[in-house]
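The values are calculated or read from the model by the stated rules, or taken from the named source; none is laboratory data. The structure presented is a predicted model; accordingly, all values stated were derived computationally and were not measured. All Cβ positions, even for glycine, are placed from backbone atoms using ideal geometry, and neighbour counts span all protein chains on display.
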Amino acid sequence: MAGVVTRDLTEVRHAFRAWWAGRSAAQGIAADDVEVEVSSYAGGGYSNEIIFVTITIPDRNADQPERLVLRLPPAGPALFPTYDLAMQVAVQTQASAHGVPVAGPIIFEPNTTWLGTEFLVMPLVEGHCPGEAPALDPWLTAATVTQQRAVHEGFLDVVARIHTTPWRDRALSTLLRGADRSLASELKWWDHLLDWAFDGEPPTQLTTAFDWCREHAPTDLPEPSVLWGDVRLGNVIFDDDFTPVAVLDWEMASRGPAELDLAWFTALETMTEHFVGHGVHGFLTRDEIIARQEEQLGRTLVAFRWFEVFAMCRSSALNLRADRLDSQRRGKPPRPAEGNAVLTYATEAIRALS
């Protein structure tokens, strides 16, 4: 979700240089020997703050400076009440061991004295990240139909690999929220989020949509999987050969039925295509995606349309929260929830099923 970096980049540069030099002291590197440049990334802000860091040691790597990504929880208003960075590292580490490409190795710094908060440091991965509307992304639209299909299929293969990541009898069994074969904890988690995000007064249309989801929630659920959470093409870096090389943004990771992830992807992609007016020619259809992922999982997807509606409601909640934060930053009152296009789309989907 878009936002702004609120931290003073000069302060970040000095603090990060001292932190990095401290970790490198055994190599005979002092803070005064290190040149650090920092720049913000406009895509962070409400779900995280991302700062690009370039480290140059004149006598050692002047020709090839080390390029890193510093990831921090938002310093100001945020999409979520808490950010579990230790969980994000654990799930990426386990997924990586299972063959999921991630931006690693990842360093987790729990000491808050450096930057006033915990933070993650990882290598910068070069490549292409499709925009929020793939059909309007220049890199994708310039590709051939075959290349576009390779992007879509490669993405879905990565998602399937995430869903088969082992988690039982591992740290993820306690670090990842979720319950076995039940949506009760997932629904409760979103209830708490709505209450927190809207100061105890979520929009009526939004609570009505979530009430419908609760009343019609499926109960015969499959074995839970590791869930990525924010399953979008824009959260994956692809190389020049249209191959996924890094999966990003794991703050919504949890465990539960794979349908939660897959429906988030298909619902948001279908909704985006609806607003844009067309999709990407080489992409798989919704039915093809379902068939492909059922084959990968070795089972039939359960109550998939319900999961898509639930995804639309969850997306609506985050969209409205981000809109409220944008309004606060501009010093303006938030726009009425009833006019929110994402919420309207979700409401219409519920009406079609009722």
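To keep it simple, each residue is scored yes or no on (1) under 28 Å from ARG329 (Cβ atoms); (2) among the aliphatic types (A, V, I, L, M).
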position: THR56; (1), (2): no, no
position: VAL89; (1), (2): no, yes
position: VAL125; (1), (2): no, yes
position: ALA133; (1), (2): yes, yes
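Mind counting the residues in the range 283-314 that are buried (at least 19 other Cβ atoms within 10 Å of the Cβ) and either touching a strand residue (DSSP E or B) at 6+ places or on another chain (Cβ under 6 Å) or acidic (Asp, Glu) (or both)?
1
Okay, residues lined up against (1) in the same structural domain as GLN92 (by TED's automatic domain parsing); (2) within 24 Å of the chain's Cα centre (by Cα); (3) assigned to a loop (DSSP other than H, G, I, E, B); (4) not small (Gly, Ala, Ser):
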| position | (1), (2), (3), (4) |
| --- | --- |
| GLU201 | no, no, yes, yes |
| PHE210 | no, yes, no, yes |
| PRO222 | no, yes, yes, yes |
| VAL226 | no, yes, no, yes |
| VAL231 | no, yes, yes, yes |
| GLY234 | no, yes, no, no |
| ILE237 | no, yes, no, yes |
| ASP241 | no, yes, yes, yes |
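Can you list residue pairs whose Cβ atoms sit under 7 Å apart, with the first residue in the range 111-122 being in contact (Cβ under 8 Å) with a residue 12 or more places away in the chain and the second being assigned to a loop (DSSP other than H, G, I, E, B) and surrounded by fewer than 16 Cβ atoms within 10 Å (Cβ to Cβ)? Count only pairs 6 or more apart in sequence or on different chains.
Hits for this filter: GLU118/PRO110; GLU118/THR112; MET122/GLY104.
If you take the residues of the range 92-107 that are buried (at least 17 other Cβ atoms within 10 Å of the Cβ) and not β-branched (Val, Ile, Thr), which of them is farthest from PRO166 (Cα to Cα)?
This residue is ALA103.
Being surrounded by fewer than 21 Cβ atoms within 10 Å (Cβ to Cβ) and either among the basic types (Lys, Arg) or on the phi > 0 side of the Ramachandran plot (or both) is the filter here; which residues of the range 57-91 pass it?
Correct list: ARG60, ARG67.
Of everything in the range 3-43 that's closer than 23 Å to ALA78 by Cα and touching a Lys or Arg at 6+ places or on another chain (Cβ under 8 Å), which residue is modelled with the highest pLDDT?
In this case the residue turns out to be VAL38.
Applying the selection to the range 119-162, what residues are in a helix (DSSP H, G or I) and of a type in the set (S, T, N, Q)?
The initial filter retains those residues of the range 119-162 that are in a helix (DSSP H, G or I), namely 134-136, 138-141, 145-162.
Scanning the range 119-162 gives THR141, THR146, GLN147, GLN148.
Exactly one of these conditions fails for THR165: (1) outside any loop (DSSP other than H, G, I, E, B); (2) buried (at least 21 other Cβ atoms within 10 Å of the Cβ). Give me its number.
(1)
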